[in-house]
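What follows is a single structure, written as structure tokens, with notes after it.
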Amino acid sequence: MAAPANHAEENNTPPTTACPAWCISHNADAPGWTDDHLHESTPALVPCIALERTTDEADTIHHHPTATELTLVRYQYPRGSDTWLYIGDGHHGLDITLESARRLVSALARYVEDEG
């Protein structure tokens, strides 16, 4: 089994209030700008089918495929050095490091390839 990845160097970028190249809010000189501005990328919207679970009066669990749209957004706090990826529907989601996202992509690729 491989040793756990050390993502500290790969995920960290120097903390700064200057916007990274991927940030869509390049207005650090604008009136009202604050040092706690969140750097965010352009959101990617991904249409998906999710399995919704509901429970009826008899406590029976029902499963329903439901259309949803997942949002992916890269972000960074200006005083932080970690870059994060949000994956969610606005109600439920994950906030993971970019290195975690790379591992997730790799694992998802294996699952999708095995489907054939």
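Among the residues of the stretch 38-68, what is the count of those that are touching a His at 6+ places or on another chain (Cβ under 9 Å) and surrounded by 11 or more Cβ atoms within 10 Å (Cβ to Cβ)? Residues flagged as touching a His at 6+ places or on another chain (Cβ under 9 Å) and surrounded by 11 or more Cβ atoms within 10 Å (Cβ to Cβ) within the stretch 38-68 amount to 1.
So, in the stretch 48-90, exactly how many residues are in contact with a Leu (Cβ under 8 Å, 6 or more places away or on another chain), assigned to a strand (DSSP E or B), under 21 Å from L104 (Cβ atoms) and not basic (K, R)?
Step one: list which residues in the stretch 48-90 are in contact with a Leu (Cβ under 8 Å, 6 or more places away or on another chain), which gives 48, 63-66, 69-78, 83-89.
Then drop every residue that is not assigned to a strand (DSSP E or B), which leaves 48, 63-66, 69-76, 83-88.
Subsequent filtering for residues that are under 21 Å from L104 (Cβ atoms) retains 48, 69-76, 83-88.
Next cut, not basic (K, R) only: 48, 69-73, 75-76, 83-88.
Count: 14.
For the stretch 51-81, the set of residues classified as among the acidic types (D, E) and over 25 Å from the mean Cα position of the chain (by Cα) consists of D56, E57, D59, listed by residue number. Applying a threshold of 6 Å to beta carbon distances and a minimum spacing of six or more residues, or different chains, the list of pairs starting in the stretch 97-116 at a residue that is polar (S, T, N, Q) and ending at one that is not in a helix (DSSP H, G or I) reads T97/H7. When the stretch 58-116 is filtered for residues that are among the hydroxyl-bearing types (S, T, Y) and farther than 15 Å from E40 by Cα, the ones remaining, listed by number, are T60, T66, T68, S100, S106, Y111.
Condition check: surrounded by 12 or more Cβ atoms within 10 Å (Cβ to Cβ) and assigned to a helix (DSSP H, G or I). Does E99 satisfy that? In short, yes.
When you look at L108, is it of a type in the set (A, V, I, L, M, F, W, C) and modelled with pLDDT of 95 or more, yes or no? In short, no.
The values are calculated or read from the model by the stated rules, or taken from the named source; none is laboratory data. Note that the structure is a prediction, hence the values are computed from the model and not measured. Positions of Cβ are backbone-derived with ideal geometry, glycine not excepted, and every protein chain shown enters the neighbour counts.
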